[in-house]
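We did not get these values from a lab; they are worked out from the coordinates using the rules stated. Quantities reported herein were computed from a predicted structural model and do not represent experimental measurements. Here the Cβ is made from the backbone with ideal geometry for all residues, glycine too, and neighbour counts use every protein chain on show.
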Amino acid sequence: MVLFGASLLVFVVLRVVPGDPIVMMYGTEVDPRVVAAERQRLGLDRPILVQYEIFLEHIVTGDLGESLRYRRSAAQVVAEALPATVQLAAAAMGWAFILGVPAGIFAACTRGGLWDRIVMVLSLVGQCTPTFWLGILFMLLFAVILHWLPTSGSGTIKHLILPSLTLGLYMVALLARLTRSCMLEVLGQDYLRTARAKGLAEWVVVTRHGFRNALIPIVTVVGLQTGALLGGAIVTEAVFAWPGIGNLAVQATNTRDYNLVQAVTLLSAVVFVVINLAIDVLYTYLDPTVGYS
Amino acid sequence: MAKSNASKNGISRRQFLKTSVGVISAAGVGTLSTAGFAQSPPSSAARELIVAINADPDTLDTRTIVKTQAMAMHNHVCQALLMRDPKGQLHPWLAESWRKTAPTEIVFKLRSGIKFTNGEPLDADAVKFTYDNFLVKGMFPSVSRQKQDWIRALDRVEVVDKSTVRFVLKYPSNAFMIYVPFYSILPPGATKEMGDKFALAPVGTGPYKMGEYVPNSHLTLVANPDAWSGAPKTPRLTFRFIPEDATRMAALQSGEVCMVNNVTPDFATQLSRMSTLQVKEISAARSMYIYILCNKPPFNKREARLAVSHAINRQALVRDAMGGHAKIGGSPWSPAVRYYDPSLQPDSYDLPKAKQLLAAAGYDGSVIKFGFPTGMWLNDKIVAEFLLSSYKDLGLNVNAETLDFAAYYSNEQKHLYNLQMQSYGILPLHPDFWVGAILINTDNSLVMHDDQKIFNLIAEADKAPDERSIQKDYFELQREILDYAPVLNLYYFPYIVAQSTKLRGYEPRPDEHFFFWDATLAS
């Protein structure tokens, strides 16, 4: 249903938005008869419902059409760029877990104290800071001034650090606040008091008994935020010249490369659906009381 | 002790979670260490040049390339019969000589002994094959229509012998030759064999050959040791594609790249303060224009068009919108383009005179549609706002419309705008490239003027028997365009590049091409 909705939405929006892909491809100085012939060859002169029907028929066979810009299979173009975005998003998520979750746990355990306040202020700043500005700032500091990391490009771990940190900082802030909130709810529960009474070390109480029960809402938000990460990757990829689908989507939209935009959107939707499905399955193991009929 | 929640044959929750964490961690490490899809190459000062360009070429096939930067990168690998110097003069390249044997015939003599990097010979058959891709309908369906249009005067290419080709034109045309440098010669065998892959890994005769092309990342070229023109001075050349201006400048400042193109005036000021960098600014072959739709009121009257021209303070425009980095002149094309008449002066800024002219034209206050795309050219939005203010001062009732370029491009063909702001780059450095596109009335024409003198001068310049006559015609054409005013030139763009002070053998060109086969990076 999600995939069908995404395909319909992107198809309709592309054709409603002004801009002719044939004119973009060939320029305004080309003979209008050539433009008309090309439009006919590509099926763009047919009624929109007929075009959509043909589009759906082709999707079933895995044919997402040819990119007008690259003159190759749109699916292939996207498939070549997708790993870069997945890598970036995964690394961003990694930062979120490495920095955000421990910060949230720490803040919950030191509630009301100085460190709690510091973590909350920083997470507020992190959620309010625009990605574009942050990326440029990181680039100036770590690449231009300190020469610790490259400014842009891809290929090594060093190239991944700045863009993934830029993309992931919002998630770090979000997870810190969410983890703190969930932990505070859990830390006051009777079973944790029982665990302490049994003589367990505090860190065991917090991590093994407390955190595991706070994990479910965190996992839910992570799943929902995957879409935001993929969307946020567009800005990050532009700033850091990261060769992912975000960059591809922007260029494809600017040139009205219908097939490429559709391919990017559909494949992104597939990734989003798969991740959320995985999260739904994960619930049943995190919480045995959750089941699906 | 807690009961295990595993069934007899199933997996326990604990086991599943441990396995999942293990799998995800392994996948994460594997992903992080994967570098197969894009490698930014190492930088080694003397043996490699790395430059940052603001656009990906998309394709490296001469049959589909039209973008300036793409052509420049492509020409390091693939070469045409002729090459154009920074003044627009043609020089032998793969052809050692050429001569006009009849008004509609040009014979090229090819250099002997040249081979493509796959071993195929450069010969007359390869030249014919190349041009047939544009001339023969259906031979290459994806061929650029724009490039087909550029050589519309060409009827056919004939093989005289292995090293001689004859180009037969449909009609005499001086301008035809200016397009020859845009058509690199293809190796017939490799082109057919490689099919679509040729666009990503072309085979040529140039000083470099393909190393690696990763779309949206980089293009790496390696020296061709058997190049007929000699090996390049630096064996490895990498173009990194960095569209974002701030990122491109940061790459230069950090020393990752040795040159960046298309520097904006703001960054030029900042970069020029660094002792390790050098900023170079020249007048580009690109101008900003107002195209006026001449077949609709009020601009079907010359007085109304001149009124708009006199209402624009070009000096203030250049100072305020372009930071003083553009130039103004009376010619419709920039000093970098051939046959530029330096004696012409732009219409002076004279608002009272402009209002008188507008009144004389009988302007009745009807809505004037002004269109301009945004995000395409340097400070285009600021320039458009300046113009709107000028129109308001003049007393025009303007309805402005701005769209992204794709949407604007579609609208402009429908003649929706009375006034349009647009830039045009005269890549061959020859005025025919612009006058043929803008001032010849076709269904696509943006101005639709009816000045027969302009039509006659364009035709005469194309058929003129010698250089002196051509210059005379183009000089007269410039005066006529200034007087009749179907198009108003606002300013000539600057072309600004920034480079390391260690970079030698590279100079910016007004056609925005860049060639690095003679460039070195001093250690």
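A few points about this structure:
- Evaluating 6.51 cos²θ - 1.76 cosθ + 1.60 at θ = phi - 60° for every residue in the stretch B:182-196, the Karplus couplings come out as 7, 10, 5, 7, 9, x, x, x, 5, 4, 6, 5, 7, x, 4 Hz, glycine and proline recorded as x.
- Cα point-scatterer Debye curve for the stretch B:257-358, base-10 log of I(q)/I(0) at q = 0.20 Å⁻¹: -1.11
- For the stretch B:185-310, the Cα-based Rg and Dmax, in that order, read 22.6, 63 Å.
- Highest average first, the peptides A:121-127, B:403-409, B:192-198 ordered by how many other beta carbon atoms sit within 10 Å of their residues are B:403-409, A:121-127, B:192-198.
- Each distinct pair of alpha carbons in the protein assembly as shown adds a 1/r term; the inverse of their mean, the Kirkwood radius, is 29.9 Å.
- Take every Cα pair under 8 Å whose residues are at least 6 apart in sequence, average their separation, divide by the length of chain B, and the relative contact order is 19 percent.
- Computed over the stretch B:286-493, the P(r) curve from all C-alpha pair distances, binned at 5 Å from the origin, holds 1, 8, 16, 21, 21, 18, 10, 4, 1, 0 percent per bin.
- Cα Rg, Dmax, the stretch B:474-522, angstrom units: 17.9, 53
- Against the rule of thumb 2.2 N^0.38 Å, how large the Cα Rg of the stretch A:213-293 comes out: 1.39
- Packing, taken as the mean count of other beta carbons within 10 Å per residue, orders the peptides B:469-480, B:354-365 from highest to lowest as B:469-480, B:354-365.
- Once both labels are positioned 7 Å from their Cα atoms along Cα-to-Cβ, the gap between residue B:269 and residue B:374 label points is 2.3 nm.
- The fraction of Cα-Cα pairs per 5 angstrom bin, counted from 0 for the stretch B:117-265, comes to 2, 8, 13, 16, 16, 15, 13, 9, 5, 2, 1 percent, rounded to whole percents.
- Calculated SAXS-style log₁₀ I(q)/I(0) at q = 0.11, 0.13, 0.14, 0.17 Å⁻¹ - the stretch A:14-154, Debye, Cα scatterers: -0.75, -0.86, -0.91, -1.06
- Range of Cα positions in the stretch B:238-278 per principal axis (Å), largest first: 25, 18, 12
- Net charge, residue B:506 excluded, C-beta distance under 12 Å - Lys, Arg +1, Asp, Glu -1: +3
- Taking 17 Å as the straight-line reach from the Cα of residue B:197, the lysines in range (excluding those fewer than 8 positions away in the same chain) are B:209.
- Residue B:315 paired with residue A:79, simple spin-label distance in nm, labels 7 Å along Cα-to-beta-carbon: 6.3 nm
- Charge dipole magnitude, Cβ of K and R +1, D and E -1 - the stretch A:83-286, Cα centre, debye nearest 20: 500 debye
- Sites residue A:17 and residue B:171, calculated FRET efficiency, Cβ-Cβ separation with R0 35 Å, nearest 0.05: 0.25
- Based on Cα contacts under 8 Å between residues 6+ apart, chain A shows a relative contact order of 28 percent.
- Computed from Cα atoms alone, the Kirkwood hydrodynamic radius reported for chain A is 21.8 Å.
- Projected label distance in nm at residue B:469 and residue A:278, using a 7 Å step from Cα toward the beta-carbon: 7.4 nm
- FRET efficiency, 1/(1 + (r/R0)^6) with R0 25 Å, evaluated for residue A:2 and residue A:63 via beta carbons: 0.75
- Once C-alpha pairs closer than 8 Å and six or more residues apart are averaged by separation and normalised to the residue number of the stretch B:286-493, the relative contact order reads 37 percent.
- Zone of residue B:96's modelled label, taken as backbone nitrogen in the stretch B:226-254 under 18 Å from a point 7 Å along Cα→Cβ: B:227-230
- Subtracting the Cα-Cα distance of residue B:359 and residue B:450 from their residue separation scaled by 0.36 nm leaves 30.6 nm.
- Legend: calculated FRET efficiency, residue B:164 to residue B:507, from the Cβ-Cβ distance at R0 = 35 Å, rounded to 0.05, equals 0.55.
- Cα gyration tensor shape of the stretch B:78-194, rounded if a/c is under 1.5, else prolate or oblate by comparing a/b with b/c: rounded
- Anisotropy class of chain B from Cα gyration tensor, a/c 1.5 cut: oblate
- Pairs spanning more than 23 Å between alpha-carbon atoms, out of B:109/B:170; B:280/B:502; B:115/B:170; B:301/B:453; B:355/B:472; B:301/B:355: B:115/B:170; B:355/B:472.
- Average partner coverage of B:179-187, which counts Cβ from other chains inside 10 Å: 0
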